[in-house]
1. Taking the Cα of SER9, stepping 7 Å toward and past its beta carbon, and measuring to each backbone N in the stretch 91-107: which are under 18 Å?
2. When you count, for each residue, the other Cβ atoms within 10 Å and take the mean per peptide, how do 17-30, 63-76 rank with the highest first?
3. FRET efficiency for GLU62 and GLN34, Cβ-Cβ distance as r, R0 = 22 Å, nearest 0.05?
4. Which value, in Å², gives the accessible area per residue of the chain when a 1.4 Å probe is used on the protein heavy atoms?
5. Can you tell me the convex hull volume per residue for the stretch 1-99, based on C-alpha atoms, in Å³ to the nearest whole number?
6. Which order do the peptides 31-37, 120-126 come out in when sorted by mean C-beta neighbours inside 10 angstrom, highest first?
7. When the helix-only estimate is applied to the chain (DSSP H runs of n ≥ 4, each -39,500 (n - 2.57), divided by the residue count), what is the mean residue ellipticity at 222 nm, nearest 500 deg cm²/dmol?
8. Under the 0.36 nm per residue contour assumption, what length would be gained going from the current alpha-carbon distance of ASN99 and LYS127 to full extension?
Amino acid sequence: MSKSDPNFSLIRRLSQLGTRWQTFFYGVKVGLDQFGNRYYRDRKTQKGVRERRWVIYAGEPEASKVPPEWHIWLHHTADAPIAAASPLRKIWQKPFEPNQTGTPAAYFPPSHAGRRAKATGDYESWKPD
């Protein structure tokens, strides 16, 4: 099945019913990111068992849509996402962007197919002796 299939989104949405059911009955909302993704944790966690954490994506599910501050929370690296005013944030850090691969906004280096400048006379190909 490919993304060009008109039923792709419908099938994906139907497959998420179990997650939405579990979220409704057993989840507690922890927060929301700048992309509209909602983050949840278990309402109750058994003693000695690590808390379950998950995300409900806004739009199509794509793991690269999770910003770093929420990624560390999802993977139990931190107990809470990094706040905007945290000393861990640096002024040189760029704003997070989801993966653009396969979209018109994808990055192509200057030498990508057909965009490379023609070789000038200073290039000599290697010839084995």
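The values are calculated or read from the model by the stated rules, or taken from the named source; none is laboratory data. Since we're looking at a predicted model, the values are computed, not measured. As a convention, Cβ positions derive from the backbone with ideal geometry for all residues, glycine included, and neighbour counts pool all protein chains shown. Heavy atoms of the whole protein, side chains included, go into the accessibility calculation; ligands, DNA and RNA do not. Shrake-Rupley method; radii C 1.70, N 1.55, O 1.52, S 1.80 Å.
1. Taking a point 7 Å out along Cα→Cβ of SER9, the residues of the stretch 91-107 whose backbone N falls under 18 Å are 103-104.
2. Details: 17-30: 12.5, 63-76: 16.4.
So the order, starting with the most tightly packed, is 63-76, 17-30.
3. On the way: r = 15 Å, r/R0 = 0.68.
It comes out at approximately 0.90.
4. On the way: 10660 Å² over 129 residues.
Value for the chain: 83 Å² per residue.
5. 126 Å³
6. Numbers: 31-37: 14.0, 120-126: 5.6.
Ranked from most to least packed, the peptides come out as 31-37, 120-126.
7. Details: 3 runs with 25 residues, N = 129.
Mean residue ellipticity at 222 nm (helix-derived): -5500 deg cm²/dmol.
8. Numbers: separation 28, 0.36 × 28 = 10.08 nm, distance 4.11 nm.
Gain in length upon complete extension: 6.0 nm.
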